[in-house]
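A.B. asks: What follows is a single structure, and I will ask about it in a moment.
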Amino acid sequence: MQKRKSTFSILFFIKRKKLLKNGDAPVYMRITIDGRFLETSLKRGVNPKTWNEKKQRSTGRDRLSIELNDFLDSTLSRIYKIHRQLIDDGKVLDPKAVMTAFHGKMERPKMLREVFRQENEKYRQLLEIGGVVLGTVLRYERTERYLGDVDDMPFRTIDNEFVRDFFLFLKVEKKAEQNTANKYCKNLKKVIRFALDNGWMDVNPFQGIKFTAKNTTREFLTEKELTTLINKDFCIERLAQVRDIFVFCSLTGLAFSDVAALRPEHITIDDDGNYWIHKARQKTKNMCSIPYLESARVIAEKYREHPSCVAKGVVLPVLSNQKMNSYLAEIADVCGIKKTLTTHIARHSFACLALANGVSMEVIAKMLGHSDIKTTKIYAKVIDRSIAEQMGALASKFGSQK
């Protein structure tokens, strides 16, 4: 297929409704390339009665009209030269590039990683005022670092192939799971959208690309497994501490970032003497209203004088998420739990155990701080699948006998 020829035109015109103080109309120039255009004032004026729109010149015979027409002729010649130079240099060819050169400077193309870093700095500023959570900021910064494994490039050179190669790089080189790779590509897509909105690129490189999410099984602890965890004696202090925090989350439904930021002021007592945790989620800012069970209060009381809690003004001495997950792997092994324990499984366990014990979906959504009950219904599917699997095993034991 023959490549479509680029279109290019220059138009001189006046604005009759924006007259200058002396009554002249300001003269403007419009550059159009492939349907896109930009306008600029030429800092010249003309008597609107002498302007010929068809010829794009003044019909006056006075000295000022002659000088204006000479200026327009030289401007026209200069714009054509700039246009030709951009083509010869293989540079970006659009109205903005031509106009920038006309005003005396060639615009440096916007670079992907440079803009990505600038956007990440904004996320860091939002983090300081609570506009985003740390996990979001770290994921965007990690995306930018992964892009650093390839040379920085102008936005206009990013194409469909680059996006697909980046996704493959995440899967193969970084060993990212399907859904994790999707998140990194989603971060890239947001910056690409920003570039498109600012006119730094014309074609969306994500056009026609669809990243399919992989269905994942949300693991949770059964009552028996959680009881085993609670009753286990640990002689190693760090394991006992991590186990206590995991159990606390299993009894409250708090996510890792929320339990790490839990303070005494988040705990209240109602008129009936019932204890509550009222706290906005770090991730969504949705308010959680959670009954503060006595078993959870006993754990918190155990660490009330812990140096870390006193220094930070928090309820529990929560370690980093990485350390927590590392120690939880040890704990699962010691307790004989054949599941990959992570901090988030505690939240899943809370939701599933609450459902299994007859707590309504609406109440669980309120406790977890979900803004949409559809999110909460995921746990109902987990429960249904677990029941189906167990009944399937039962059916195999008591199948029909011939």
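A.B. asks: Which residue out of Lys232, Lys171 is charged (D, E, K, R) and assigned by TED's automatic domain parsing to the domain that holds Asn357?
C.D. replies: Unique residue meeting the criteria: Lys232.
A.B. asks: Right, here's the next one. If Glu53 passes every condition in (1) of a type outside the set (A, V, I, L, M, F, W, C); (2) in contact with a strand residue (DSSP E or B) (Cβ under 8 Å, 6 or more places away or on another chain); (3) surrounded by 14 or more Cβ atoms within 10 Å (Cβ to Cβ) but one, which one does it miss?
C.D. replies: Going through (1) of a type outside the set (A, V, I, L, M, F, W, C); (2) in contact with a strand residue (DSSP E or B) (Cβ under 8 Å, 6 or more places away or on another chain); (3) surrounded by 14 or more Cβ atoms within 10 Å (Cβ to Cβ) one by one, Glu53 breaks only (3).
A.B. asks: With the checklist (1) over 30 Å from Leu147 (Cβ atoms); (2) within 39 Å of the chain's Cα centre (by Cα); (3) in a helix (DSSP H, G or I) in hand, flag the one item Lys49 doesn't pass.
C.D. replies: (2)
A.B. asks: Same structure again: Every residue in the stretch 182-235 that is aliphatic (A, V, I, L, M) and more than 30 Å from Thr100 (Cβ to Cβ), please.
C.D. replies: Ile209, Ala213, Leu221, Leu226, Leu229, Ile230
A.B. asks: Of all helices (runs of 4 or more DSSP H) completely enclosed by the stretch 239-339, which ones contain at least 1 residues that are within 28 Å of the chain's Cα centre (by Cα) and closer than 22 Å to Leu138 by Cα?
C.D. replies: 256-260, 321-335
A.B. asks: Right, next: Any chance you could count how many residues in the stretch 163-181 are assigned to a helix (DSSP H, G or I) and surrounded by 17 or more Cβ atoms within 10 Å (Cβ to Cβ)?
C.D. replies: Qualifying residue count for the region: 6.
A.B. asks: Right, something else. Basic (Lys, Arg) and under 38 Å from the mean Cα position of the chain (by Cα): which single residue out of Lys96, Lys81 fits that description?
C.D. replies: Residue meeting the stated conditions: Lys96.
A.B. asks: In the stretch 107-139, which residue that is among the β-branched types (Val, Ile, Thr) and surrounded by 15 or more Cβ atoms within 10 Å (Cβ to Cβ) is nearest to Met201 (Cα to Cα)?
C.D. replies: It comes out as Val115.
A.B. asks: Moving to a separate point now. Take the conditions exposed (fewer than 13 other Cβ atoms within 10 Å of the Cβ), under 13 Å from the mean Cα position of the chain (by Cα), part of a helix (DSSP H, G or I) and not assigned by TED's automatic domain parsing to the domain that holds Gln322 and apply them to Arg142. Does it pass?
C.D. replies: So Arg142 does not fit the description; no.
A.B. asks: Quick check on Leu72: is it of a type in the set (A, V, I, L, M), in the same structural domain as Ala25 (by TED's automatic domain parsing), over 52 Å from the mean Cα position of the chain (by Cα) and surrounded by 14 or more Cβ atoms within 10 Å (Cβ to Cβ)?
C.D. replies: The answer is no for Leu72.
A.B. asks: Taking the condition of being crowded, with 17+ Cβ neighbours inside 10 Å, within 18 Å of Val359 (Cβ to Cβ) and free of Cβ contacts under 8 Å to residues at least 40 places away in the same chain, how many residues in the stretch 245-299 meet it?
C.D. replies: 1
A.B. asks: State which residue is farthest from Lys339 (Cα to Cα) when the search covers only the stretch 203-234 and only residues that are in contact with a helix residue (DSSP H, G or I) (Cβ under 7 Å, 6 or more places away or on another chain) and charged (D, E, K, R).
C.D. replies: Per the stated criteria, the residue is Lys214.
A.B. asks: Please indicate, with yes or no, whether at least one residue in the stretch 29-45 is surrounded by 14 or more Cβ atoms within 10 Å (Cβ to Cβ) and in a helix (DSSP H, G or I).
C.D. replies: Looking for residues that are surrounded by 14 or more Cβ atoms within 10 Å (Cβ to Cβ) and in a helix (DSSP H, G or I), one finds none in the stretch 29-45, hence no.
The values are calculated or read from the model by the stated rules, or taken from the named source; none is laboratory data. What you see is a predicted model, and the numbers here were worked out from it, not measured in a lab. Methodologically, a virtual Cβ is constructed for each residue, glycine included, from the backbone with ideal geometry; neighbour enumeration extends over all protein chains shown.
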